[in-house]
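S.K.: Supplied in structure tokens, the structure appears directly below.
Please treat every number below as a calculation from the coordinates, not as lab data. Bear in mind that the values here come from a model prediction, so they are computed numbers and not experimental data. In this analysis, Cβ positions are derived from the backbone assuming ideal geometry, glycine residues included, and neighbour counts consider all displayed protein chains.
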Amino acid sequence: MEKTKILIAYGTRYGATTSTAEEISKVLQGEGFEVRVVNLKEEKVKDISKFELVIIGSGMKMEMWTSKAKAFLNKFSGELKKKKVAIFVSSGARALMEYKGEHDEIIRITKKYLEDKASKYDLNPISMTMFGGIWDYNQIGKIYRKFLNAERENFIPAGIKETEPGVYDSRNWDEIRKWAKELAQMI
């Protein structure tokens, strides 16, 4: 019997979405699915017809999706309307907002990052979620660094770990794995 095929296509800025996509893939493969993971910055997707589920991921910065993930949605919007679709975004800000109790802001950005994006492309995803992300002080510009420095004192209490010098990771791996297992059950 042929395995159900899943495509995970994503755009990333600092690498959080890459390792998140790889972890989702690992879980789905463990559940018996055939998974192809594509970093849209490095590879173009020519055809999505053979995939039963398409998962689209994007890193977020200043409330914007990556250009490659948006281009993928534009290119395949017609076909995606007829497929099972799931969407995830990586945002370092989520952990800070949770820590600071900014629940209205989480609702606002969830709507903007996920619901509005799905609606713009007339998609009806089986699941959408926002995971934590990475802030890489070695790569971010001065203006964004200044914004983040104002929040830096909250990183540790919010559970944001410095994983290497200047790189702060706010992802919850158990949450990522749980979402992937839930997706497997929906297919």
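S.K.: If you average the C-alpha positions of segment 7-61 and of segment 126-177 separately, how far apart do those two centres end up, in angstrom?
M.R.: Centre-to-centre distance over Cα atoms comes out at 21 Å.
S.K.: For segment 69-105, list residues with backbone N below 19 Å from a point placed 7 Å from the Cα of GLU162 toward its Cβ?
M.R.: Within reach of a label on GLU162, which here means backbone N under 19 Å from a point 7 Å along Cα→Cβ, segment 69-105 contributes 92-93, 96.
S.K.: Express the relative contact order of segment 1-70 as a whole percentage, based on alpha carbon pairs under 8 Å and six or more residues apart in sequence.
M.R.: Numbers: 110 pairs, mean separation 32.3, N = 70.
Reported relative contact order: 46 percent.
S.K.: Expressed as a rounded percentage, what relative contact order does segment 108-181 have, with Cα pairs under 8 Å and six or more residues apart? Write out the running numbers ahead of the final one.
M.R.: Values: 46 pairs, mean separation 24.4, N = 74.
Taking the mean separation of contacting Cα pairs over the length of segment 108-181, I get 33 percent.
S.K.: Evaluate segment 31-141: find the radius of gyration of its Cα atoms, find its Kirkwood radius, and give the ratio Rg to Rh.
M.R.: On the way: Rg = 14.9 Å, Rh = 15.1 Å.
That ratio is 0.98, to two decimals.
S.K.: Which order do peptides 8-19, 75-86 fall in by mean Cβ count within 10 Å, highest first? It would help to have the intermediate numbers written out before the result.
M.R.: Details: 8-19: 22.4, 75-86: 16.1.
Ranked by mean Cβ neighbours within 10 Å, highest first: 8-19, 75-86.
S.K.: Between VAL45 and GLU153, what length comes free when the chain is fully extended (0.36 nm per residue of separation minus the Cα-Cα distance, one decimal in nm)? It would help to have the intermediate numbers written out before the result.
M.R.: Numbers: separation 108, 0.36 × 108 = 38.88 nm, distance 4.10 nm.
Going from the current span to full extension adds 34.8 nm.
S.K.: Between ILE187 and ASN74, what length comes free when the chain is fully extended (0.36 nm per residue of separation minus the Cα-Cα distance, one decimal in nm)?
M.R.: Details: separation 113, 0.36 × 113 = 40.68 nm, distance 2.42 nm.
This chain segment gains 38.3 nm when fully extended.
S.K.: Also, quick follow-up: How much net charge surrounds LYS3 when only other residues with a Cβ under 14 Å from its Cβ are counted (Lys, Arg +1; Asp, Glu -1)?
M.R.: On the way: positive: LYS5, ARG36, LYS50; negative: GLU2, GLU31, GLU34, GLU52.
Once all neighbours under 14 Å are counted, the net charge is -1.
S.K.: Given [x] 13; [y] 17; [z] 43 as candidate values of percent of Cα pairs over 30 Å apart, which corresponds to the one derived from the coordinates?
M.R.: Entry [y].
S.K.: I need to check one value: relative contact order of the chain, counting alpha carbon pairs closer than 8 Å and at least 6 residues apart, in percent.
M.R.: With pairs under 8 Å counted, the relative contact order is 23 percent.
S.K.: Short version: ³J(HN,Hα) in whole Hz for each residue of segment 48-55, in order, from phi by Karplus 6.51 cos²θ - 1.76 cosθ + 1.60 (θ = phi - 60°), x for Gly and Pro, what are they?
M.R.: Along segment 48-55, the couplings run 10, 4, 7, 9, 7, 10, 10, 9 Hz.
S.K.: Using helices alone, what [θ] at 222 nm do you get for the chain, with -39,500 (n - 2.57) per DSSP H run of 4 or more residues, divided over all residues and rounded to the nearest 500?
M.R.: Helix-only estimate at 222 nm: -11000 deg cm²/dmol.
S.K.: Along the three principal axes, how long is segment 94-153 when you take its alpha carbons, biggest first, rounded to the nearest angstrom?
M.R.: 37, 26, 15
S.K.: Using the crude model of +1 on Lys and Arg Cβ and -1 on Asp and Glu Cβ, and no other charge, please compute the dipole size for the chain relative to its Cα centre, in debye to 20.
M.R.: That gives a dipole near 660 debye.
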